[in-house]
Amino acid sequence: MSEQSQDYTTGQHPDLPAPITSTGVIGWARINLFATIPNTILTVLAVLLLLWLIPPVIDWAFISADWSGQTRDDCTREGACWVFIKVWFRQLMYGRYPVDEIWRINLAYIIAVAAGILLFVPGLRGKPWIGLFLLAGFPIIAFYLFVGGSFGLPDVETPLWGGLFLTLVISGVGIVASLPIGIVLALGRRSKMPVVRSLCITFIELWRGVPLITVLFMASVMFPLFLPEGMNFDKLIRALLGVMFFSSAYMAEVVRGGLQALPKGQYEAAQALGLSYWKMMGLVILPQALKLVIPGIVNTFIGLFKDTVLVLIIGLFDFLGMVQLAGTNPDWLGFAIEGYVFAAFGFWIFCFGMSRYSQHLEKKLHTGH
Amino acid sequence: MSMNPHGQESSASGSQMAISDEVAIQLNNVHKWYGQFHVLKDINLTVHRGERIVICGPSGSGKSTLIRCINRLEEHQKGQIIVDNIELTGDLKHIELVRREVGMLFQHFNLFPHLTVMENCTLAPIWVRKMPKADAEETAMKYLERVKIPEQAQKFPGQLSGGQQQRVAIARSLCMNPRVMLFDEPTSALDPEMIAEVLDVMVGLAESGMTMLCVTHEMGFARKVANRVIFMDGGEIIEQNDPEQFFNNPKSDRTKLFLSQILHH
């Protein structure tokens, strides 16, 4: 080595490639898997554990599983019987929504997915408008599509709604509504006006202090008692309002965390330039504060998405509710495991998607400070 | 200790811009408390248009608080502050009117990290002055050239050095075309080699006739550009004079002590 380094005159030393043992696959494995003796032992144990766990799962879910057939007689019971899911698929996805009207739901899905894909197209102009459409325009279109009763579409009552569709409606409304309401509550809680501040604190602490189950029970059982005779609110709307306020209270505290994390200097610089309160918040403070708390916001979204299964207790059959309903059908007793695995997989897809999207956003919005 | 800024001998640099009779800022018997703590005590100060004032004093003397009262980042409890013939009261309209005419520089620059340098400079002109975007960008480019960093326009503040960030902050303020500039220790957070580049821009600004109030410990800068140096201690203005007199012939003992501490170490 010392002979080699004399090949170069001082000050002219070129950049040499790093030694092979510190880069590439071998280097990575050496550093991460076999760096010390305990590390090596853990690596070996982990590999053994995976070898013990994964083959039976793959065997159950794929190799020995039954894929074709129409009735439970087609199930060999050696592995998972996905025939169960296949037979019940429409109910799991759409509940008791009339078969002839399911295209309305699918159309809304297609619009949402298409707009969502456009958001990912790099360099496309007008992305803020697409975002605005998804948050403001799409819910209106979806409302008319789902409910019907106008534009020549037959009425579909909400008790017929169910399955993954209902889960997406409840969580979608909760997510879209909770962020703006949460922001307003968070700003209100930091307001200098005592009345606004106390109102916001009361609202937040009240909703955050009760379990969602209680909120839903109150919405479905107690709330109607306070309504005048004959007046009836749709059960789904009551549940939606409950979920909305509940998640807004959580969101408010997440956003407040972001507002408090910003240095005071950002507020002062914006004020010193003559920006009014709303311009300061909208242009300077919130863009930074929300970016800071993306992990917290998505955390709340994911929690909300999974909490929607609680609507089962007030008689709404969401994705998990339909799985349970199908599992208790006399013709299909004994297929609960397949149902729950499928439900878990469905929830995981959505939650993982949200998680990946938030990481993508964080990376995109990083400005090197 | 009132003094007439006119007919005063020129400061060390000899570059004297005309100071008009017009009063830019007027403070009458201003008091301020933080809770029970009396930070500003009976401050009387008249700043004429085109004047360049350096405020110095030990830490905790209230000098930052004083200039922060002038654009109402801090609220005073007693007395009168009039900027550009607008009195600062609780009236939000008045406060916003004053703020758009008064630029301010901070110790920690306070650029908006989520916006590019160009967007930092055009934000207020577009949203407060309702300037068309193209015009705002043209103005911004002019001032970025003046602070000698036009090539950084598309970068984010986090990618710039401290000195560059502070120069962007100066450009950002100038884009609002302010009539008065306040500086709150603009070089205190900078490495020595960056202080010079910021001070150069500030000297240039002074030579263009900007009305400036500057809290700083850069006594070289004070000698070079100030018309008047104000010494504060314990929330009071102890002494004010032209730089020549202030540095060579300080009157009060506290001033002498302060000067000896910052000049001889």
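Structure summary
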quantity: Residue satisfying condition, being more than 14 Å from chain A (Cβ to nearest Cβ), modelled with pLDDT of 90 or more and assigned to a loop (DSSP other than H, G, I, E, B), within set B:205, B:190; calculated: B:190
quantity: Only one of B:59, B:64 that is farther than 20 Å from residue B:94 by Cβ and in a helix (DSSP H, G or I); calculated: B:64
quantity: Exclusive hit being at pLDDT 90 or above and either of a type outside the set (Phe, Trp, Tyr) or closer than 30 Å to residue A:95 by Cβ (or both), set A:227, A:304, A:312; calculated: A:304
quantity: Number of positions in segment B:99-121 that are surrounded by fewer than 23 Cβ atoms within 10 Å (Cβ to Cβ), within 10 Å of chain A (Cβ to nearest Cβ) and part of a helix (DSSP H, G or I); calculated: 3
quantity: Criterion violated by residue B:173 - all others in (1) within 13 Å of chain A (Cβ to nearest Cβ); (2) free of Cβ contacts under 8 Å to residues at least 40 places away in the same chain; (3) among the hydroxyl-bearing types (Ser, Thr, Tyr) satisfied; calculated: (2)
quantity: Verdict on residue A:171 being over 20 Å from residue A:309 (Cα atoms) and assigned to a helix (DSSP H, G or I); calculated: no
quantity: Segment A:27-83, residues that are part of a helix (DSSP H, G or I) and touching a strand residue (DSSP E or B) at 6+ places or on another chain (Cβ under 9 Å); calculated: A:72, A:74, A:83
quantity: Among (1) surrounded by fewer than 24 Cβ atoms within 10 Å (Cβ to Cβ); (2) within 13 Å of another protein chain (Cβ to nearest Cβ); (3) within 24 Å of residue A:264 (Cβ to Cβ), the one test that residue B:166 misses; calculated: (1)
quantity: Search result, residues across segment B:23-56 that are basic (Lys, Arg), in a loop (DSSP other than H, G, I, E, B) and over 16 Å from the mean Cα position of the chain (by Cα); calculated: none
quantity: Which listed residue, of B:209, B:220, is touching a residue at least 24 places away in the same chain (Cβ under 8 Å) and within 23 Å of residue B:51 (Cβ to Cβ); calculated: B:209
quantity: Lone qualifier among A:339, A:258 - being surrounded by 15 or more Cβ atoms within 10 Å (Cβ to Cβ), within 27 Å of residue A:236 (Cβ to Cβ) and not aromatic (Phe, Trp, Tyr); calculated: A:339
quantity: Qualifying residue in segment A:266-279 (condition: more than 14 Å from chain B (Cβ to nearest Cβ) and without any contact (Cβ under 8 Å) to a residue 24 or more places away in the chain); calculated: no
quantity: Residue ID - farthest from the other protein chains (Cβ to nearest Cβ), chosen from residues in segment B:124-154 that are in a loop (DSSP other than H, G, I, E, B) and within 29 Å of residue A:277 (Cβ to Cβ); calculated: B:132
quantity: Some residue of segment B:81-97 being within 11 Å of another protein chain (Cβ to nearest Cβ), within 14 Å of the chain's Cα centre (by Cα), within 28 Å of residue B:22 (Cβ to Cβ) and not acidic (Asp, Glu); calculated: no
quantity: Lone unmet requirement of (1) loosely packed, with under 13 Cβ neighbours inside 10 Å; (2) of a type outside the set (Asp, Glu); (3) within 14 Å of another protein chain (Cβ to nearest Cβ); (4) not in a helix (DSSP H, G or I) for residue A:334; calculated: (3)
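The values are calculated or read from the model by the stated rules, or taken from the named source; none is laboratory data. Since the model is a prediction, treat every value here as computed from it, not as a measurement. Every residue, glycine among them, receives a Cβ derived from its backbone with ideal geometry; neighbour counts consider all protein chains shown.
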